[in-house]
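Beneath this line is the structure, given in structure tokens, with notes to follow.
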Amino acid sequence: MRVVVVFDGRGPQVTESADPGEVQIFYSRAGQTADAVIERLASKYATQFSLLVATGDSLEQQTVSASGAQWISPEALRELLDEARSQ
């Protein structure tokens, strides 16, 4: 399983950081939202991989669903993480 986290950024380009096996972190470039990066990743990879996007934004939920990805609420993600910790 690969975990990717996307944040709004301020730099001139999309940046990414991760060591192998770790959480991959993306920062959007200035003038671009994290949602735009998530949408691009979903449209590019949803047909190749099973994607699960955590978002509370209803428009983002519709957009990633249209790309073929699944979505869950941030609260549902928190519950999944709590369950994983307790196992």
> If the label point is 7 Å along Cα→Cβ of residue 7, which residues in segment 36-62 have backbone nitrogen under 12 Å from it?
Replying inline: none
> Which entry in (i) 14, 35, 28, 15, 6, 2, 1, 0; (ii) 17, 44, 35, 4, 0; (iii) 18, 51, 25, 5, 1 is this structure's computed P(r) over Cα pairs in 10 Å bins from 0, in percent?
Replying inline: (ii)
> For segment 11-87, which whole percent of the accessible surface, found with a 1.4 angstrom probe, sits on carbon and sulfur atoms?
Replying inline: 51 percent
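What whole-number value in Å² describes the accessible area per residue of the chain for a 1.4 Å probe?
With all protein chains present, the chain gives 74 Å² per residue.
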> In debye to the nearest 20, how big a dipole does the chain give about its Cα centre with +1 on each Lys and Arg Cβ and -1 on each Asp and Glu Cβ?
Replying inline: 280 debye
> Separation between the residue 14 and residue 44 pseudo-spin-labels, each 7 Å from Cα along Cα→Cβ, expressed in nm?
Replying inline: 0.4 nm
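Starting from the Cα-Cα distance between residue 77 and residue 58, subtract it from 0.36 nm times their residue separation and give me the gain in nm to one decimal. Write down the numbers at each step before the final one.
Details: separation 19, 0.36 × 19 = 6.84 nm, distance 1.57 nm.
Fully extending the segment from residue 77 to residue 58 adds 5.3 nm.
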> At a probe size of 1.4 Å, how large is the accessible area of residue 82, to the nearest 10 Å²?
Replying inline: 80 Å²
> Whats the longest run of the chain with zero trypsin sites (Lys or Arg not before Pro) that are DSSP loop and have at most 11 other Cβ atoms within 10 Å?
Replying inline: 11-87
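The values are calculated or read from the model by the stated rules, or taken from the named source; none is laboratory data. Keep in mind that this is a model prediction, so the values were computed, not measured. We place every Cβ from the backbone using ideal geometry, glycine too, and count neighbours over all the protein chains shown. The protein model used for the area step is the full one, side chains on, heavy atoms only, and it has no ligands, DNA or RNA in it. Shrake-Rupley method; radii C 1.70, N 1.55, O 1.52, S 1.80 Å.
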